[in-house]
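Just so it is clear, none of the values below were taken in a lab; they were calculated from the coordinates. In this text the structure is predicted, and so the values were computed from the model without any measurement. A quick note on method: Cβ atoms are made from the backbone with ideal geometry, for glycine too, and the neighbour counts reach across all protein chains shown.
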Amino acid sequence: MPGGEDAREEASRWWGRMHGPHAEESRAEFERWRAADPRNAAEYAALERTWTLAEGLGATAVGRDRSLKPQPRPLAWATAPRLALAAAAMIVIALFVTLQPGRNPNLSLVSVAHATSVGEIRTVTLPDGSSVTLDTDTRVEVAFDDKVRKVRLQRGRARFDIQPDPARPFLVEAGGKVVSAPEADFDVQAPPAGLSVVSLHGALEVRRTGDMDAPAELRIQPGQAMRFAASGEPLAPAGPAGKGSDQWVSGMLVFHGAPLSAVLEETNRYASRPIALGEPSLGAIKVTGAFRPLPVDELAASLAAALELRVQRDANGNMMLVRP
């Protein structure tokens, strides 16, 4: 029989599976695991209670049928079946409850991490009804309590669809900045070189991490985008977001006159085997079009056909774009 820590870890994994898109396929196995040991059922029930409390339902009991019913979630890659087949299951890495003196015990701290694998795009519903869509190889940490809703974007890119809650601001922390909005849809990307923010709906405020009591450092209006250097300074004033830049959630990447080197830098984030260039000068070729990054061999063929290049493979099957 598993110990308490083992049961808790297994419950966290099962919680992620039973709140994902393939819950029904796993239900029989889940029921066997839950019935195998009373501690399994107890740990899983504790996780369900944690999320219920975070949704503001206080200590109200939640029936077994409701707590185990998988909630429908929009899948960003539903229109790309081959990408969906390659997607790994959502990883619920950690979830715990911390009660602090003087706080409402029915609205305790909820902390959970979600991550996607390379090539995966997944939408997760948060305890308050907001949602976050994780791009390929993305990791976020979610921490909600009765005063604030905070998400830390540790790597990758995510889209946030925020539900209003006047009592609890929604904060996204990434790259030394905090992005906030009462109600908005926006993208945040935290690449190694810096930070980028795109507002799709609603005005955004940007502050330095730790300066939430100070006036907003910057404001980004709907339809605008802003990029920051690694130092945290804006590279340019907020300007119009690139046309089609919001299509990544459907598994489509759109480029307008982008150099081939930049196109491959973006598309290779989705591939376990990146596409290389046969010579550096090819990176300057301008690319305009919409491409699915997966399957990578189809992407390489599409780029080669559009740019009058050729796909060359080495002995290990790695692909390279070369001149004819």
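Between residue 276 and 319, 320, 321, the built amide H atoms are under 5 Å apart, and every one of these is 5 or more places off in sequence or on another chain. Assign one of three labels to the range 252-322, namely rounded, prolate or oblate, based on the Cα gyration tensor with a ≥ b ≥ c the square roots of its eigenvalues; rounded applies when a/c is under 1.5, prolate when it is not and a/b is larger than b/c, and oblate otherwise. Here the range 252-322 falls in the oblate category. Residues whose amide H falls under 5 Å from that of residue 130, counting only those 5 or more places apart or on a different chain, are 163, with hydrogens built in the peptide plane.
For the range 252-266, 3J(HN,Hα) computed residue by residue from phi via the Karplus equation (6.51, -1.76, 1.60; θ = phi - 60°) reads 10, 10, 10, 10, 10, x, 7, x, 4, 4, 5, 4, 5, 4, 6 Hz, glycine and proline entered as x. Residues 272, 302, ranked from the fewest to the most other C-beta atoms within 10 Å, line up as 272, 302. Backbone geometry of the range 307-324 corresponds, through the Karplus equation with coefficients 6.51, -1.76 and 1.60 at θ = phi - 60°, to 3J(HN,Hα) couplings of 10, 6, 10, 9, 8, 10, 10, 8, 5, 8, x, 5, 9, 9, 8, 10, 6, x Hz, x marking Gly and Pro. If you sort the three axes of the alpha carbon gyration tensor as a ≥ b ≥ c, you get a/c of 1.5 or more for the range 184-224 and a/b no higher than b/c, which makes it oblate.
A cut-off of 5 Å between modelled amide H atoms, ignoring neighbours fewer than 5 places along the same chain, links residue 177 with 209. Computed across the range 135-219, the Kirkwood radius stands at 12.9 Å (inverse of mean 1/r, all Cα pairs).
The string of couplings for the range 165-172 from the Karplus curve (6.51, -1.76, 1.60, θ = phi - 60°) is 7, x, 7, 9, x, 9, 10, 10 Hz, one whole number per residue in order, with x for Gly and Pro.
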